[in-house]
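Worksheet: the structure to be examined is printed underneath.
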Amino acid sequence: MALSENRAPVSRAEIVAREDLVTYLNAAFVCTAQGDYYASSQSQAVSIAFLHAYAAGNYRRLYARSLAVGINHFNQALCVETLLAMGAPTDRDARREEHALIAETLARLPPSRVYRLFEALAAQRVNNRRTRATVAAWLGARPDLSLDALKYRPKLSRAVRHTHTLFAGELGVFLFQRRRKVAFETPLFAAWRRAQTEREAVFSLPFSVAEGFAQRHGIARETLVARMQSQMTRAERARTLGLTNRADEAPVSPAALGGMGLTRLARALVAQEPARLRDESALWSSALAAAAARQWQHARFALPRVAVVIDRSASANGGAAHTRGPLALALAVEALIAVAATACTRFVTPEPAAPGPEGAWSAAGRSDLATPLIAALAVVPPVDMVVIVSDGYENDPPGGAAEVMRVFRAKIDPTRPLSVVHVNPAFDSASYGPRRLGDGIVTVGLREAEDLPTVLGFVRFAEGSGSLDALEAYLAERVRRYLERGPRPEDEAV
């Protein structure tokens, strides 16, 4: 027997259950099955699918409650897919809670991801009554299905066909017989029909749809973007207002930076040519700080004095899906901590070869975490927390960070209350989670910097100090807050 915080006996089964759930949740914060520097997308997909199947089969109610904890969109969609494929629970209370969690999750997810989920259900032939009702309810709550029919027609038509959902009026005709109808009364459908032959009708369509017609009608991209500002979403504006693929003489647009989310902004930053950042670094730094301040205002706690150690070795360049994704996450995490902490000191590895921020915003070389960690521990006045952002592949020397912490706690300052958290943006398929740096350093997975407050609240479970009862209480409280129907991302907002 082991003892919990209140000295009550804890069974081996409870310990195993807590460890299983912590492993699943930690993986669900970080894995997207897109591949990383050291792991392929296929190996990640196999590992995360196993974790979902294992957690759903052994801890179904707690597994369903993970939807409310802040796991990333990929894992939310996979969790909903798994639950729908299993059918409804027999317990009435569990069934009601699970149904509410699924409905709320689908309402919060971007519609493009929900439609991909519906495609996955169709491919697996999951078509039970619960699935049909869930799909019909989500489609019925959409603000404008005619817009969805234009943007996601193949996915929407497959979902409708698979679940036998019927639509009155022109929507069904547009999805399945649009070539046969000469004229539509629905404004968007009518604009789509006219855009087949009329150049001017293209500007009446949603921007993502209009892009497909622009080349056919010989409309220059600059003209399309200039005339369609009012129809563009925030993401479309950021994508088109000069952040990527800029001409050599084009400056960065402050308007594009101002409306971007923190992680997206950091990814755009690391995609820039280093030479540009020499003149634009102040603008980018200001935009990062502003985005971080907007994000942290929703957090319910502040941070003490923090030292941030950023691993900018070659593996921080990430995989093909998100080039320099780990480095971008590190910059976004640092920006968040800088606005949330009493004081924030930054250390990088290896030190930039080029002076100025353009050198620090690139990744190359080997991973020496021990040297910047020693420097972080020597900061005066001492820091209360060290946050290491790394994929966990430490090779110069291997295990250096863990050895530094062992010596520090045993020999140098054993009484100092210091929290060391390793934030890992990469999923290691072999260990079914983010790769750890070693004993004495708690590791949590993180894919989007906006979720940093969530994973910091999860640290006590990742380090083993939270019992199964505490974890269950934590999940129950997150469900209660999640179902209060707070603010959601406005994916379609302009």
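Testing Arg18 on (1) over 30 Å from Pro143 (Cβ atoms); (2) among the basic types (Lys, Arg); (3) free of Cβ contacts under 8 Å to residues at least 24 places away in the same chain, one condition comes back false. Which one is that?
Only one criterion is unmet by Arg18, namely (3).
Would you check if Ala268 is among the small types (Gly, Ala, Ser) and either in contact with a helix residue (DSSP H, G or I) (Cβ under 7 Å, 6 or more places away or on another chain) or at positive phi (or both)? Can you show your working first?
Working: among the small types (Gly, Ala, Ser): yes; either in contact with a helix residue (DSSP H, G or I) (Cβ under 7 Å, 6 or more places away or on another chain) or at positive phi (or both): no.
For Ala268, the condition - among the small types (Gly, Ala, Ser) and either in contact with a helix residue (DSSP H, G or I) (Cβ under 7 Å, 6 or more places away or on another chain) or at positive phi (or both) - is not met.
Which of the residues spanning the range 269-283 are farther than 15 Å from Val333 by Cα and in a helix (DSSP H, G or I)?
Keep residues of the range 269-283 that are farther than 15 Å from Val333 by Cα, which gives 271-283.
Correct list: Pro274, Ala275, Arg276, Leu277, Arg278, Asp279, Glu280, Ser281, Ala282, Leu283.
With respect to the numbered conditions (1) modelled with pLDDT under 85; (2) outside any helix (DSSP H, G or I); (3) acidic (Asp, Glu), which one is the sole condition not fulfilled by Glu198?
Condition (1) is where Glu198 drops out.
Quick check on my filter: what residues within the range 114-130 are modelled with pLDDT under 95 and either touching a Phe, Trp or Tyr at 6+ places or on another chain (Cβ under 9 Å) or not in a helix (DSSP H, G or I) (or both)?
Answer for the range 114-130, where residues must be modelled with pLDDT under 95 and either touching a Phe, Trp or Tyr at 6+ places or on another chain (Cβ under 9 Å) or not in a helix (DSSP H, G or I) (or both): Gln124, Arg125, Val126, Asn127, Asn128.
Kindly establish whether Thr163 is within 28 Å of the chain's Cα centre (by Cα), among the polar types (S, T, N, Q), within 30 Å of Ala49 (Cβ to Cβ) and surrounded by 16 or more Cβ atoms within 10 Å (Cβ to Cβ).
On the way: within 28 Å of the chain's Cα centre (by Cα): no; among the polar types (S, T, N, Q): yes; within 30 Å of Ala49 (Cβ to Cβ): yes; surrounded by 16 or more Cβ atoms within 10 Å (Cβ to Cβ): yes.
Spelling it out, it is not the case that Thr163 is within 28 Å of the chain's Cα centre (by Cα), among the polar types (S, T, N, Q), within 30 Å of Ala49 (Cβ to Cβ) and surrounded by 16 or more Cβ atoms within 10 Å (Cβ to Cβ).
Counting just the residues of the range 98-129 that are in contact (Cβ under 8 Å) with a residue 24 or more places away in the chain and among the basic types (Lys, Arg), which one comes out surrounded by the fewest Cβ atoms within 10 Å (Cβ to Cβ)?
Arg113
Within the range 303-420, which strands (runs of 3 or more DSSP E) (wholly inside it) include 1 or more residues that are within 21 Å of the chain's Cα centre (by Cα) and at pLDDT 90 or above?
Answer list for the range 303-420: 303-311, 385-389.
Every residue in the range 205-223 that is closer than 17 Å to Arg194 by Cβ, among the β-branched types (Val, Ile, Thr) and assigned to a helix (DSSP H, G or I), please.
Val209
Can you say whether Gly400 is touching a strand residue (DSSP E or B) at 6+ places or on another chain (Cβ under 8 Å) and of a type in the set (Gly, Ala, Ser), as far as the supplied structure shows?
So Gly400 does not fit the description; no.
Tell me which residues, restricted to the range 224-250, are β-branched (Val, Ile, Thr), assigned to a helix (DSSP H, G or I) and at pLDDT 75 or above.
Hit for the range 224-250 is Val225, nothing else.
Inside the range 409-420, can you point out the residues that are surrounded by fewer than 21 Cβ atoms within 10 Å (Cβ to Cβ) and in contact with a strand residue (DSSP E or B) (Cβ under 9 Å, 6 or more places away or on another chain)?
Step one: filter the range 409-420 for residues surrounded by fewer than 21 Cβ atoms within 10 Å (Cβ to Cβ), giving 409-419.
Answer for the range 409-420, where residues must be surrounded by fewer than 21 Cβ atoms within 10 Å (Cβ to Cβ) and in contact with a strand residue (DSSP E or B) (Cβ under 9 Å, 6 or more places away or on another chain): Leu418, Ser419.
Which condition does Arg180 not pass, out of (1) surrounded by fewer than 20 Cβ atoms within 10 Å (Cβ to Cβ); (2) assigned to a helix (DSSP H, G or I), if it passes all the others?
Only one criterion in (1) surrounded by fewer than 20 Cβ atoms within 10 Å (Cβ to Cβ); (2) assigned to a helix (DSSP H, G or I) is unmet by Arg180, namely (2).
All but one of (1) farther than 30 Å from Asn127 by Cβ; (2) assigned by TED's automatic domain parsing to the domain that holds Gln124 hold for Arg227, so report the exception by its number.
With (1) farther than 30 Å from Asn127 by Cβ; (2) assigned by TED's automatic domain parsing to the domain that holds Gln124 applied to Arg227, the lone miss is (2).
Here are some conditions: (1) crowded, with 20+ Cβ neighbours inside 10 Å; (2) at pLDDT 95 or above; (3) touching a Leu at 6+ places or on another chain (Cβ under 9 Å). Leu51 meets all but one. Which one does it not meet?
Failed condition: (3).
Which residue pairs have Cβ atoms under 6 Å apart, sit 6 or more places apart or on different chains, and have a first residue in the range 155-183 that is assigned by TED's automatic domain parsing to the domain that holds Arg125 and a second that is at pLDDT below 90 and part of a loop (DSSP other than H, G, I, E, B)?
Cβ pairs passing all conditions: Glu170/Phe184; Glu170/Thr186; Val173/Lys181.
Results for (1) basic (Lys, Arg); (2) buried (at least 23 other Cβ atoms within 10 Å of the Cβ); (3) in a loop (DSSP other than H, G, I, E, B), shown as yes or no for each residue.
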position	(1), (2), (3)
Ser431	no, no, yes
Leu437	no, yes, yes
Leu452	no, yes, no
Arg460	yes, no, no
Gly464	no, no, yes
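Those residues that are of a type in the set (A, V, I, L, M, F, W, C), in contact (Cβ under 8 Å) with a residue 24 or more places away in the chain and closer than 25 Å to Arg237 by Cβ, I need them from the range 184-220; list them, please. Write out each step before concluding.
To start, the set of residues in the range 184-220 that are of a type in the set (A, V, I, L, M, F, W, C) comprises 184, 188-192, 195, 201-203, 205, 207, 209-210, 213-214, 219-220.
Imposing the further condition that a residue be in contact (Cβ under 8 Å) with a residue 24 or more places away in the chain reduces the set to 188-189, 192, 203, 205, 207, 209.
Hits for the range 184-220 are Leu188, Trp192, Phe203, Leu205, Phe207, Val209.
The values are calculated or read from the model by the stated rules, or taken from the named source; none is laboratory data. Since we're looking at a predicted model, the values are computed, not measured. Note: ideal-geometry Cβ built from the backbone for every residue, glycine included; neighbour counts use all protein chains shown.
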